[in-house]
1. Quick one: in region 635-646, of everything that is within 28 Å of R736 (Cα to Cα) and not β-branched (V, I, T), which residue is surrounded by the most Cβ atoms within 10 Å (Cβ to Cβ)?
2. Only one residue in A195, A208, A169 is modelled with pLDDT of 90 or more, aliphatic (A, V, I, L, M) and out of contact with any helix residue (DSSP H, G or I) (no Cβ under 8 Å at 6 or more places or on another chain), so which one is that?
3. Could we say that T600 is touching a helix residue (DSSP H, G or I) at 6+ places or on another chain (Cβ under 7 Å) and within 30 Å of R658 (Cα to Cα) here?
4. Does R683 satisfy the condition of being closer than 29 Å to V588 by Cα and in a loop (DSSP other than H, G, I, E, B)?
5. From the list G674, G635, which residue is out of contact with any Phe, Trp or Tyr (no Cβ under 9 Å at 6 or more places or on another chain), assigned by TED's automatic domain parsing to the domain that holds V591 and not aliphatic (A, V, I, L, M)?
6. I'd like to know if region 101-108 contains one or more residues that are at pLDDT 95 or above, at negative phi, surrounded by fewer than 20 Cβ atoms within 10 Å (Cβ to Cβ) and outside any strand (DSSP E or B).
7. Within region 654-670, is there a residue that is at pLDDT 90 or above, of a type in the set (K, R) and within 22 Å of I632 (Cβ to Cβ)?
Amino acid sequence: MADPDIASVIETPFDAALSERYLVYALSTITARSLPDVRDGLKPVHRRLLWAMRLLRLDPAGAYKKSARVVGDVIGKYHPHGDQSVYDAMVRLAQDFALRYPLVDGQGNFGNIDGDNAAAYRYTEARLTPVAMQLMAGLDEGTVDFKPTYNGEEEEPEVFPGLFPNLLANGASGIAVGMATSIPPHNVAELIDAAVHLIDDPKLDDRALMEWVRGPDFPTGGVLVDDPDTIARAYVSGRGSFRLRASVSVEREKGGGWHLLVSEIPYGVPKAKLIEQIAELIAEKKLPILADVRDESDEQVRLILEPRARTVDAELLLESLYRLTDLEIRFPLNLNVLDATRTPGVMSLKETLLAWLDFQREVLENRSRTRVGKIVDRLELLDGFLVAFLNLDRVIEIIRTQDEPKPILMAEFSLSDRQAEAILNMRLRSLRKLEEMEIGRERAALAKEQEQLERLVASPRKQWQRLQKDLGQLKEKFGDARRTRVEEASAAREIDWSAMIEKEPITVILSQRGWIRAMKGHLALDQVGELKWREGDGPFLHFHAQTTDRLALFASNGRAYTLAGDKLPSARGFGEPVRLFIDLDADVDIVQLLVVRPETKLLIASSDGKGFVTGSDATLAETRKGKQLVNIRPGARVKVVRPVPANADAVAVVGDNRKMVVFPLAELPELARGQGVTLQRYRDGGLSDAVAFPLAEGLSWPLGGERGRVRTEADLSPWRAARGAAGRMPPIGFPRDNRFA
């Protein structure tokens, strides 16, 4: 075996080699795949698709060709990537609900607004649209540079020169490496108006341009509900988002009833997915004021939303649907594009329009220079033809008598090689007198055109004036009415979400091992013990509640969690572990579960004798992780969480050492979170139980047994002391487990 060529091996750190190669990949993704060019608004795959269709002569007035033929040409000649990705790009260019101004005219199934996919490319056909032809206008006039294709066999344009603001008119989206772009579509008439005024006054800022560009104009319509200042800030920075709502109206029926009619849905939202969202709300009773959804769409979107009753507030139903479904979405704006030097960057609205206008002026200048060159070449030939007509007999004689007439013609009449060659190639029928007159008229017209073009090339001012005129013609040809309305929405009203839940009585049951379930109806509490339990499990807590209630679960680590009454699992079987609904570690005990009542106060005490009072609302948490309610010292844990009766004025605390102390409730602070203050002092052990009660009614505790007897100690003066005292032994008959209940 031959030895490897050691000289070709380069030693380099692995991280440096990896980062260098990844950077090359990232730049390739950014510049050659994901970000559009600010000049024509296209990515390479879109540009190559349109170029291939142009070469196939798929003009708007011509016949359709199979999409498979187009895709084959693209991946074979210009774009060496997967056929499916190329076809997907082509499908998007043909969808009138995806592009404001489609660039491909598709025949066959190219997908629909429901979200259904297009048919395979062997079944569909396509040709170019007038907009695409406008975008490619001037490719044969020396306006832009061409580059070799990936295999060097053919050429393709680096950018399209046509006068059409495609970047903003059709928008773009893409994800590169480390950056992304998201540009909504706009109305071309508004863009042209802004561009014309920007030519007149280049000092106009982005906010001033908002007089003409009112915001995105989506092909599916809808309503833009942001205020003008929010829209302007997005365009100034090039980054932001827009709130887009469906177009919904309240339709009155005979007899006083009504329903909601959705006639336009937000851009990019599949109609089938939207209906599924609404149907799920109805099925799961998350929006009980909504009864039914029907799809009566044909070519136009028509969704009917039936309220539960005619007395339902239509505005409340609408606001609820906006919050719970994709009837309202946020569409991001990230004007991240490649500039004329193919450098990525985020531009403002003004910068984007200026970059496009500068490119169009350059295209106009290049076209004019190329045309002048062609005129000069043609004038040279015409001058030669005129010489031939003026000396026709001598020219004929030279051609008939000389073996090599070209050098003699050049020498005798001072002709160039091209002129002499053109004269020798003339047909006999061109020697008639009429042709001489035609040449004279053509020469005069070309000379005049040359003079005008040379003045245009020499004067930037004339170029801008010409561009304004061309923009006016473009507006007449492609300008149309705005589809997306801009209506600033009023401030969002607060919605009582509990009103959206059907109120039903339930019995909440929590087992010793943390399995939770909710039975319909208010079960007699003595029947709970008769329920089935998992082996080794049994009842821990049970109480009556409503599906509209929110429940607070307290853990020994000091965290509080919130559960929704309507989200609890049914009582079929053994329920489900409560840890499926909240992030509760397996080694943490559940201390208490109760209904959150806004007017209720809670007494919270830890095993180290610390405690405080808090409001029920302070225990509510918005996430699965809950909230830290009690700051626990190392080695301690939450031991007691009990409601404070409305008439309570005293607190009784008993420790593991079987000593009890009673002190005024007013000595406890009310905190939203904290460690609390010392309730009782211990030499050994810790707190066992605590309870708030009305001192005048005395302190009661169960005696046990089947008869359910209760002992009440009316005179508590021997145990009354200041908060933090050690206390003394409890009354005779106090439970041996040191618990008040």
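The values are calculated or read from the model by the stated rules, or taken from the named source; none is laboratory data. Note that the coordinates shown come from a computational prediction; the quantities given were computed from them, not determined experimentally. For neighbour counting, all protein chains shown are included, and Cβ atoms are generated from backbone atoms with ideal geometry for every residue, glycine included.
1. K639
2. Numbers: A195 fails: out of contact with any helix residue (DSSP H, G or I) (no Cβ under 8 Å at 6 or more places or on another chain); A169 fails: out of contact with any helix residue (DSSP H, G or I) (no Cβ under 8 Å at 6 or more places or on another chain).
Checking each option against the conditions leaves just A208.
3. Working: touching a helix residue (DSSP H, G or I) at 6+ places or on another chain (Cβ under 7 Å): yes; within 30 Å of R658 (Cα to Cα): yes.
Yes: the conditions hold for T600.
4. Answer is yes for this residue.
5. G635
6. no
7. no
So that you can scan it fast, the table gives a plain yes or no per residue for (1) under 18 Å from G727 (Cβ atoms); (2) not β-branched (V, I, T):
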residue: G611; (1), (2): yes, yes
residue: V640; (1), (2): yes, no
residue: D649; (1), (2): no, yes
residue: L671; (1), (2): no, yes
residue: Y682; (1), (2): yes, yes
residue: R709; (1), (2): no, yes
